[in-house]
Amino acid sequence: LILVSLAGPIANMLLACISILLEGLLLLYAPNTVFFQTLAVLFWYSAVLNVGLGVFNLIPIPPLDGSKILFALLPDRIYYTILRYEKYVMGVVILLVLVGVFDKPLSFLMVHVLRGFCTLTGMPLGGLLLFQDASAILNLF
């Protein structure tokens with residue numbers, strides 16, 4: 001169950017890493033035309049979106065994948081107690097997202113994951129240099 005729950009976030013992180021690599025290669029080696037600049041921006045948005053989805057999905061609140069990972073590690077008694085309230089939690093999660101409770105923690109994690117991927121791939125930070133706080137990135141969507 002843990003491996004299945006990790007599949008989505010891992011896929012998101014791999015796509016983000018590939019997007020950053022492609023964006024960096026375009027910035028370094030492609031001709032400076034509108035087409036290639038637009039393509040680089042597309043790859044950058046793909047990286048930001050995938051990191052955001054991957055990090056959000058790891059939050060340990062049902063029905064997100066992070067909760068499945070956490071529940072697999074909990075004793076059965078605690079798991080069944082939490083399971084009784086799972087249907088109510090989704091409404092609370094939606095409310096918390098709409099109110100913006102996750103904005104600061106998610107933006108903090110997104111910026112650092114993106115910087116880590118840029119370091120890992122050896123690519124320039126690209127669009128990340130424009131933002132000190134990923135809340136500006138989140139407002140782009």
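General observations
- R0 of 35 Å, Cβ-Cβ distance Tyr88-His112: FRET efficiency to nearest 0.05: 0.65
- Of the residues Ile20, Ile61, Ile78, the one that moves most in a GNM of the chain with alpha-carbon contacts below 10 Å is Ile78.
- Ordered by solvent-accessible area of protein heavy atoms (1.4 Å probe), largest first, the residues Tyr88, Tyr79, Tyr29 come out as Tyr29, Tyr88, Tyr79.
- On Cα atoms only, tilt of 2-29 relative to the major axis of the chain in degrees: 10 degrees
- Over the chain: helical MRE at 222 nm, DSSP H runs n ≥ 4 each giving -39500 (n - 2.57), nearest 500: -25000 deg cm²/dmol
- Note on the chain: with a GNM built from Cα contacts shorter than 10 Å, the maximum mean-square fluctuation among Pro62, Pro105, Pro75 falls on Pro75.
- Helix 103-121 vs. the chain, principal-axis angle (Cα, 0 to 90°, nearest 10): 50 degrees
- With the simple model of a label 7 Å out from the Cα in the direction of the Cβ, Tyr80 to Tyr29 spans 5.8 nm.
- Highest-MSF residue in the chain out of Leu22, Leu109, Leu120 [GNM, Cα springs under 10 Å]: Leu120
- Portion, in percent, of the accessible area of the chain that falls on carbon or sulfur, probe 1.4 Å: 74 percent
The values are calculated or read from the model by the stated rules, or taken from the named source; none is laboratory data. What you see is a predicted model; the values in this text were computed from it and never measured. Every residue, glycine among them, receives a Cβ derived from its backbone with ideal geometry; neighbour counts consider all protein chains shown. For accessibility, only protein heavy atoms count, side chains too; no ligands or nucleic acids. Shrake-Rupley method; radii C 1.70, N 1.55, O 1.52, S 1.80 Å.
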